1. Sort 29-40, 46-57 for me by packing, meaning the mean count of neighbouring Cβ atoms within 10 Å per residue, highest on top.
2. Determine ³J(HN,Hα), in whole Hz, for all residues of segment 45-51 in sequence, where each value follows from phi through the Karplus function 6.51 cos²θ - 1.76 cosθ + 1.60 and θ = phi - 60°; x replaces Gly and Pro.
3. Using amide H atoms built 1.01 Å from N in the peptide plane, name the residues 5+ places from residue 61, or on other chains, whose amide H lies under 5 Å from its own.
4. Distance in nm between label sites at residue 36 and residue 9, each 7 Å beyond Cα in the beta-carbon direction?
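Where a number appears in this text, it was derived from the coordinates with a stated rule and is not lab data. It should be emphasised that the depicted structure is a prediction, and the values quoted were computed from it without experimental measurement. Here the Cβ is made from the backbone with ideal geometry for all residues, glycine too, and neighbour counts use every protein chain on show.
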Amino acid sequence: MKSVAALLLVGMLILWTELPTGTRCSTWSCPPVRITCALHNPPNQCYTDRQCPRSKKCCQTFCGRKCLSRRSTLPI
């Protein structure tokens, strides 16, 4: 009985660590990628949002994944 409870606790801890934190949750999404490069295995600067600075998001670009910041909504 104790081993079942321990396994349940470990499983819940693993799931909890995968949840995004409130400070890292962003309300914007990555821009769409319309063309891709011909490289079979393009270089990636990141794989998840956690690998990027606080104001940036890990997004697929035309050639690999990069940390991107939100595009300005004000016309320049």
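1. Numbers: 29-40: 8.9, 46-57: 13.2.
The packing order, highest mean first, is 46-57, 29-40.
2. These are the phi-based 3J(HN,Hα) values: 8, 8, 10, 9, 5, 5, 7 Hz.
3. HN-HN under 5 Å from residue 61: 66.
4. It works out to 4.5 nm between the two label points.
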